[in-house]
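A quick write-up on the structure given underneath.
The values are calculated or read from the model by the stated rules, or taken from the named source; none is laboratory data. For clarity, every value in this text was computed on a predicted model and none was experimentally measured. No Cβ is skipped: glycine too gets one built from the backbone with ideal geometry, and neighbour counts run over all protein chains shown. Ligands, DNA and RNA are stripped out before the accessible areas are found, and what is left, the full protein with its side chains, is counted by its heavy atoms. Shrake-Rupley method; radii C 1.70, N 1.55, O 1.52, S 1.80 Å.
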There are 2 protein chains.
Amino acid sequence: MPSLFPPSFEALIDRFASLPGVGKKSAQRLAFHILSLPEGEAEAFARTILDCRQKVHTCPVCQNLTDGERCAICRSERRDHSQICVVAEPKDVASIERSREYSGVYHVLHGVLSPMNRIGPDELRIRELLERVAAEPVSEIIMATNPDTEGDATAMYLSRLLKPFGVKVTRLAYGIPVGSNLEFADDATMLRALEGRREM
Amino acid sequence: MPSLFPPSFEALIDRFASLPGVGKKSAQRLAFHILSLPEGEAEAFARTILDCRQKVHTCPVCQNLTDGERCAICRSERRDHSQICVVAEPKDVASIERSREYSGVYHVLHGVLSPMNRIGPDELRIRELLERVAAEPVSEIIMATNPDTEGDATAMYLSRLLKPFGVKVTRLAYGIPVGSNLEFADDATMLRALEGRREM
């Protein structure tokens, strides 16, 4: 039986299917979409991929993504460079920035410690953080890894490493999400919310 | 506030978000995936898009996708070229081929008549079908558009156009899907299943 689609079309389906969360059916739909684009648009798509891959690298200071020499936040003079918020992934920077509350700078680890997935301290940008703390005057380091087992373990590990530098290390507050309902809070969250209670 | 991601990364997110069924969050995840690929892999992705867009065109005979001069099915000497199965989309060819029952050739309309979406006869590959029937000896034309309003209307329209050629025009059978349950058959399907009943 001859192949059902031309080889170069099958190749594009396979490429799309290799993306996370894209199944064979969706990949086929995406490939048909590419075929239906005006040729200039398809070229622009390909160019955007190359462009992004070639230009985007990590900021030498905070390890966040940038296509300049240093990232926009590290370059900014309006940010407090003595306050460093440590996050696992570049997208976490976006989440925190959206709150418009934080005016310090960041450090992106590019992952969390995960023995199960063989991710140890050497796979993360931990050395870069220690070098930063040794070289610059730092007043506070806020651990903003996710409040799960791996995120907690990573925060704990880092806080021990940072102890010798005598810098204040804090952790984001745990508790009931704003706008949520006590009824839906799981036991662990409720426990942390009680532990973290503050006088009114 | 500075932009949260570098411009060339935002551009890639926007490209992915322009694909059908891909939301902003998925687009972000896909863009991060591209960034995590080895550079050669990202280049290969871009090249596959260009390659597919440049090489793949429609077969001059059956209008199915091909990257050769004619498609593999039209080139095959083992297929019955006097039997033409008319389908709406290239992916329908794949569905019918999977049954391994059909040995004729195809004609892909690239859509169905849809006055709502302003798709009339001139937007479909209908002229090419009529030219084929006029030029080649054709014994049967099987209408295999979807069994819905637009698919039925398109099949009906084509069968009228083909009447002057004196060729036999058939329609795929309607009925209860194999492995399904009578309980779940809707009224219209049940009606068609009764109408189309055959002696055992």
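Residue-level analysis places A:Thr149 among those that are farther than 16 Å from A:Ile84 by Cβ, among the polar types (S, T, N, Q) and either in the same structural domain as A:Ile126 (by TED's automatic domain parsing) or surrounded by 14 or more Cβ atoms within 10 Å (Cβ to Cβ) (or both).
Do the conditions hold for A:Glu123, that is, is it within 18 Å of A:Arg171 (Cβ to Cβ) and open to solvent by 60 Å² or more (accessible area, probe 1.4 Å)?
Numbers: within 18 Å of A:Arg171 (Cβ to Cβ): no; open to solvent by 60 Å² or more (accessible area, probe 1.4 Å): yes.
Here the answer is no, as A:Glu123 does not meet what is asked.
Hey, among B:Val86, B:Val112, which residue is open to solvent by less than 70 Å² (accessible area, probe 1.4 Å), farther than 30 Å from A:Val93 by Cβ, part of a strand (DSSP E or B) and more than 12 Å from every other protein chain (Cβ to nearest Cβ)? Show your work before the answer.
On the way: B:Val112 fails: part of a strand (DSSP E or B).
One residue alone meets the criteria, B:Val86.
If the condition is being more than 10 Å from chain B (Cβ to nearest Cβ) and in contact with a helix residue (DSSP H, G or I) (Cβ under 7 Å, 6 or more places away or on another chain), then region A:57-67 contributes A:Val61, A:Cys62, A:Gln63. When each of B:Glu136, B:Glu128, B:Glu123 is tested for being under 21 Å from B:Arg70 (Cβ atoms) and under 17 Å from the mean Cα position of the chain (by Cα), the lone residue that passes is B:Glu128. Could you grab me the full set of residues in region A:94-140 that are aliphatic (A, V, I, L, M), touching a Cys at 6+ places or on another chain (Cβ under 8 Å) and more than 13 Å from A:Thr154 (Cβ to Cβ)? Selection gives A:Ile96, A:Val105.
Determine whether A:Glu183 is open to solvent by less than 70 Å² (accessible area, probe 1.4 Å) and either in contact with a Lys or Arg (Cβ under 6 Å, 6 or more places away or on another chain) or among the acidic types (Asp, Glu) (or both). Before the answer, list the steps.
Details: open to solvent by less than 70 Å² (accessible area, probe 1.4 Å): no; either in contact with a Lys or Arg (Cβ under 6 Å, 6 or more places away or on another chain) or among the acidic types (Asp, Glu) (or both): yes.
No: the conditions fail for A:Glu183.
Is region B:30-45 home to any residue that is within 26 Å of the chain's Cα centre (by Cα) and more than 30 Å from A:Glu123 (Cα to Cα)? No, that holds for no residue.
Report, by residue number, each residue of region A:1-58 that is more than 17 Å from B:Glu43 (Cβ to Cβ), at pLDDT 90 or above and among the acidic types (Asp, Glu). Across region A:1-58, the qualifying residues are A:Glu10, A:Glu41.
Which of the residues that make up region B:106-144 are touching a residue at least 12 places away in the same chain (Cβ under 8 Å) and among the acidic types (Asp, Glu)?
Residues of region B:106-144 touching a residue at least 12 places away in the same chain (Cβ under 8 Å): B:106-114, B:121, B:123-126, B:128-130, B:132-134, B:136-144.
Matches in region B:106-144: B:Glu123, B:Glu128, B:Glu136, B:Glu140.
Look at A:Ile84 and say whether it is under 14 Å from the mean Cα position of the chain (by Cα) and in contact (Cβ under 8 Å) with a residue 12 or more places away in the chain. When the stated conditions are applied, A:Ile84 does not pass them. Applying the set (1) part of a loop (DSSP other than H, G, I, E, B); (2) among the hydroxyl-bearing types (Ser, Thr, Tyr); (3) touching a residue at least 40 places away in the same chain (Cβ under 8 Å) to B:Tyr157 leaves exactly one unmet item: (1).
Take A:Arg70 and decide whether it is more than 9 Å from every other protein chain (Cβ to nearest Cβ), out of contact with any strand residue (DSSP E or B) (no Cβ under 7 Å at 6 or more places or on another chain) and open to solvent by 40 Å² or more (accessible area, probe 1.4 Å). Answer is yes for this residue.
Are any of the residues in region A:134-146 touching a strand residue (DSSP E or B) at 6+ places or on another chain (Cβ under 6 Å), open to solvent by 10 Å² or more (accessible area, probe 1.4 Å) and either outside the structural domain of A:Tyr174 (by TED's automatic domain parsing) or charged (D, E, K, R) (or both)? So far as region A:134-146 goes, yes, one or more of its residues are touching a strand residue (DSSP E or B) at 6+ places or on another chain (Cβ under 6 Å), open to solvent by 10 Å² or more (accessible area, probe 1.4 Å) and either outside the structural domain of A:Tyr174 (by TED's automatic domain parsing) or charged (D, E, K, R) (or both). Hey, does region B:102-122 have a residue that's within 29 Å of B:Pro177 (Cα to Cα) and among the basic types (Lys, Arg)? Within region B:102-122 (the criterion being within 29 Å of B:Pro177 (Cα to Cα) and among the basic types (Lys, Arg)), the answer is no, since none of the residues qualifies.
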